[in-house]
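Report on the structure given below.
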Amino acid sequence: EFGPNLTVFAPTNAAFIATLTGAIYQGLVAQGFPAGAGTLATATALVTATDANGPTVFRNPLLFSVLTCQAVQGIVIYHVLGDRAFSVNFPTTTTNIPTLLNRAVPTHPGVGITATFTGPGVTAITVKGLGNPSAFPVSVNPTPNPFGASDQHFINGVLHKLNGVLLPQ
């Protein structure tokens, strides 16, 4: 095998856009922008702006205090388990499982994962971050690579599409 064995819970684009819009909206209000639809429209425009190099949201200096490098890195590594895990490997009762964030913060509880089995197969998976009010569903389907959403087997690990962004705090 090549490289590490990882499991990635990859949020959908819609989940990232919603999370970033909320964070930027709160950051703009904290900077003195008036709460309301106008500031929400500004936040949405900042999140969805692109140029020839792709999305500009992480390169916009106006957002550096809102989307700090440490916060973004923490969120990214919080979506990665240090082992390869297919849906059948997940517990049927909510269990906290360490993520790569635990390498920097060993006392962090990790993410809460729950799988629902119907017969021999998994029909539902939820993942909850410590900072999320509720768990997010993994898009479970049996479609093989490259069009499936769960148990996507790659050289360095397994990918599961998640309908939310996990927040470590």
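The values are calculated or read from the model by the stated rules, or taken from the named source; none is laboratory data. Small disclaimer: the values here were computed from a predicted structure and weren't measured. All Cβ positions, glycine included, derive from the backbone under ideal geometry; neighbour counts span all protein chains shown. We work out accessible area using only protein heavy atoms, side chains counted, and drop any ligands, DNA or RNA first. Shrake-Rupley method; radii C 1.70, N 1.55, O 1.52, S 1.80 Å.
Annotations for the structure displayed:
- Overall, the chain carries a charge dipole of about 160 debye about its Cα centre when +1 sits on the Cβ of Lys and Arg and -1 on the Cβ of Asp and Glu, all other atoms neutral.
- Nonlocal amide H pairs with residue 124, under 5 Å, H built at 1.01 Å: 116
- Placing unit charges on the Cβ atoms of the charged side chains and taking the dipole of segment 44-169 about its Cα centre, the candidate lying farthest along the positive direction among 68, 124, 153 is 68.
- Entry note, the chain: the mean residue ellipticity at 222 nm calculated from DSSP H runs of n ≥ 4, each adding -39500 (n - 2.57), is -7500 deg cm²/dmol after division by the residues and rounding to the nearest 500.
- Mean Cα-pair separation over length for the chain, i.e. relative contact order, pairs under 8 Å, 6 or more apart, %: 26
- Average accessible area per residue (Å²) across segment 86-148 - probe 1.4 Å, nucleic acids and ligands excluded: 56
- Zero-based 5 Å bins, Cα pair distances in segment 49-169, whole percents: 2, 11, 18, 20, 18, 14, 10, 5, 2, 0, 0
- Our coupling estimate for segment 152-160, obtained by passing each phi through the Karplus curve with A = 6.51, B = -1.76, C = 1.60 and θ = phi - 60°, is 7, 8, 10, 3, 9, x, 10, 10, 10 Hz, Gly and Pro reported as x.
- Surface composition of the chain: carbon and sulfur atoms hold 65% of the protein heavy-atom accessible area at a 1.4 Å probe.
- Phi-based couplings in Hz for segment 104-113 (Karplus 6.51, -1.76, 1.60; Gly and Pro marked x): 9, 10, x, 7, 5, x, x, 10, x, 10
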